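Each remark here refers to the structure printed beneath this line.
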Amino acid sequence: MRRFHAGHLAARIDAGLTSLRRHIAPGSLQAYALALVCAFAATLFEALLLWFEPQASQLIAYYPAIALAALYGGIGPGLLVAVSGGLVAWWAFLPPVFSLALIRHGDAVNLATFAFVSLIMVGAVDHFRRLARRLEDEEQMRQLAVQELAHRLKNKIATIQAIISVQLRDLPQLRQDILDRLGALTAADQLIENAHGRGAYVRDIAGTELGPYHACRLSFDGPNVLLPPKHALMVALLIHELATNAAKYGSLSVPGGRVSLRSALSGSVLSLEWRERAGPRVAAPRRRGFGLQLLSRALEQFDGGTEIAFEPSGLVCTMLLTLPAGPAMADPGATQLAAPSA
């Protein structure tokens, strides 16, 4: 619970700072106004600090104010805080107070050090601000490019579906099977697009593909792993094949049938077990159609494979695939969930 609140608070602070940066242009009047506010707040804090501890540094509170002003306003506002803060501290906090005289050699050294460090800080923070702005612009361009490519892909898939509908109008079953598979890939693409190209979670893929069926007949157990885009597309296609087969011949073809999908993660190897129960008695088919061929060979490119067992209680399909190197991203709260209904 504490971790959740800390992450939520950090996200709110980050969103607030991002909004502030968007509304304050570097070098603008708003930036200089923010600099004056920072200098005033630092002066109040410094006075309060010296009231509690007279031996505290008379300039320490101005460093974060300088950094904040330079981060949002650039070099000019940062220097404004440094100069105004240094003068106020010299006049109000260094003995003799309310005078610009210096009677101690150490105070002169402190002011000189403050001026030198402030210059370095303003330059470094402004460089960081420019770099962050450039990265934000590049990220926006990347997102626009991804959205444009996704839009073009949708248009191409729609065109392909139209061509298939016309060319295979005399083969309605084959036409529908191909259109359904294209629809499964389109749904997976939409999940990946919603995740800004990172991929899609296993549970979301299962929920999308199994959405047309009643949620009470479906269950998902295990870690909700985030699959990379290529892995997500293939898993979506495999789950679509399994769901279609279950709706035609398996447990989803009868009212009392059930389907469970269980995930397990061991290192970089993800295991997905599809298990049907309370359905019609199943047996291995005499002919291996496209669906079985896809199930048996699709995961070889990911250093994995599938095992299909036609048990009396229902079909069981175990899928293994190797995820890319790096930490697997999973939602720790999604360990016992049912797939949503449409």
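The values are calculated or read from the model by the stated rules, or taken from the named source; none is laboratory data. On a predicted model such as this, the values are computed, not experimentally measured, just so you know. In this analysis, Cβ positions are derived from the backbone assuming ideal geometry, glycine residues included, and neighbour counts consider all displayed protein chains. Note: accessible area is taken over every heavy atom of the protein model, side chains too, but ligands, DNA and RNA are not part of it. Shrake-Rupley method; radii C 1.70, N 1.55, O 1.52, S 1.80 Å.
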(Q) For a quick check: with amide H placed at 1.01 Å from N, whose amide H comes under 5 Å from G314's, ignoring anything fewer than 5 positions away on the same chain? (A) V282
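Using the per-residue mean of other Cβ atoms lying within 10 Å as a proxy for protection, in what order, highest first, do the peptides 254-265, 73-84 fall?
Final packing ranking: 73-84, 254-265.
Which FRET efficiency, nearest 0.05, do S271 and T186 yield, Cβ-Cβ r, R0 25 Å?
In this case the efficiency is close to 0.40.
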Q: Using a 1.4 Å probe and counting only protein heavy atoms, arrange S253, S118 so the residue with the most accessible area comes first.
A: S253, S118
Q: Mind giving me the FRET efficiency for L179 and E138? R0 is 35 Å, r the Cβ-Cβ distance, nearest 0.05 is fine.
A: 0.40
Q. In nm, to one decimal, how far is the modelled label at V83 from the one at I103, with both set 7 Å along Cα→Cβ?
A. 2.9
Q: Extending each Cα 7 Å along its Cβ direction at S57 and F128, get the distance between those two points in nm, one decimal.
A: 1.6
Q) Where does each of K230, K156, K248 land when they are ordered by accessible area, with a 1.4 Å probe and the largest first? A) K230, K156, K248
